[in-house]
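Taking it in order: structure first as structure tokens, then the write-up.
The values are calculated or read from the model by the stated rules, or taken from the named source; none is laboratory data. All values derive from a computational prediction rather than experimental measurement. Ideal geometry is used to build each Cβ from the backbone, glycine not excepted, and the neighbour counts take in all protein chains shown.
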Amino acid sequence: MKFYLKILVFFILLFSSVSADDKNFENKWSLYTGTFDFSDEGAKSTLYGVQYINLNNHYDSFLGKLYPVTGFFLTVDNAKYIYKGFQTTYDKGSFNITPSFTPGLYDKGNGKDLRHVIEFKTEIQISYNISKKSEIALSYNHISNANLGDNNPGANSYMLNFLKKF
């Protein structure tokens, strides 16, 4: 866990010097690191990712406001996942609960074979507002091919996230 904390501190220092206009937050970026497929000892790997949330463009739905999400992660085993989907956030004071759904394209590299190039990521994130512009969060996701492949092994991951509004 010490390694994850070093990465998080690096991200916080990197983005803490960037200022934002308090009146108009249009973009949110998330940098994260964690463990890809922690539940499969043979496939477990460290991952690093970046995600963009467009706060200026949302769709009203029965779930609340849906914001477009675009992201990418890479594992140390060279597995890659690029995704685009949506998320909604439920504000609970200083804490936020953010579920998301992001279909994407997966390449196993030297990592786990998820048995299809098209994969679906569902995620839940719990974040804490450390300022008006920054959040720190923990998230859990599951990636699955929804039986598009001949097998559906899936992958469960957890991450430590740093989010910043610009």
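A compact table of results
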| item | result |
| --- | --- |
| Conditions (1) out of contact with any Lys or Arg (no Cβ under 9 Å at 6 or more places or on another chain); (2) of a type in the set (Ser, Thr, Tyr); (3) at pLDDT 95 or above; number of the one not met by residue 83 | (1) |
| Pairs, first farther than 16 Å from residue 148 by Cα in region 113-132, second at pLDDT 95 or above and among the acidic types (Asp, Glu), C-beta under 6 Å, six or more apart | 127/135; 129/135 |
| Single unsatisfied condition, residue 157 versus (1) under 19 Å from residue 75 (Cβ atoms); (2) part of a loop (DSSP other than H, G, I, E, B) | (2) |
| Residue ID - surrounded by the most Cβ atoms within 10 Å (Cβ to Cβ), chosen from residues in region 153-166 that are under 30 Å from residue 113 (Cα atoms) and among the aromatic types (Phe, Trp, Tyr) | 162 |
| Residue ID - surrounded by the fewest Cβ atoms within 10 Å (Cβ to Cβ), chosen from residues in region 27-43 that are closer than 10 Å to residue 156 by Cβ and among the charged types (D, E, K, R) | 40 |
| Count - residues of region 84-111 that are without any contact (Cβ under 8 Å) to a residue 12 or more places away in the chain and either assigned to a strand (DSSP E or B) or crowded, with 17+ Cβ neighbours inside 10 Å (or both) | 2 |
| Conditions (1) loosely packed, with under 15 Cβ neighbours inside 10 Å; (2) at pLDDT 95 or above; (3) acidic (Asp, Glu); number of the one not met by residue 150 | (2) |
| Test for residue 73: is it modelled with pLDDT of 95 or more, of a type in the set (Phe, Trp, Tyr) and either touching a helix residue (DSSP H, G or I) at 6+ places or on another chain (Cβ under 9 Å) or closer than 18 Å to residue 165 by Cα (or both) | no |
| Qualifying residue in region 35-44 (condition: in a strand (DSSP E or B), in contact with a Phe, Trp or Tyr (Cβ under 7 Å, 6 or more places away or on another chain) and at pLDDT below 95) | no |
| Condition met for residue 136 (loosely packed, with under 15 Cβ neighbours inside 10 Å, out of contact with any Gly (no Cβ under 6 Å at 6 or more places or on another chain) and modelled with pLDDT of 95 or more) | no |
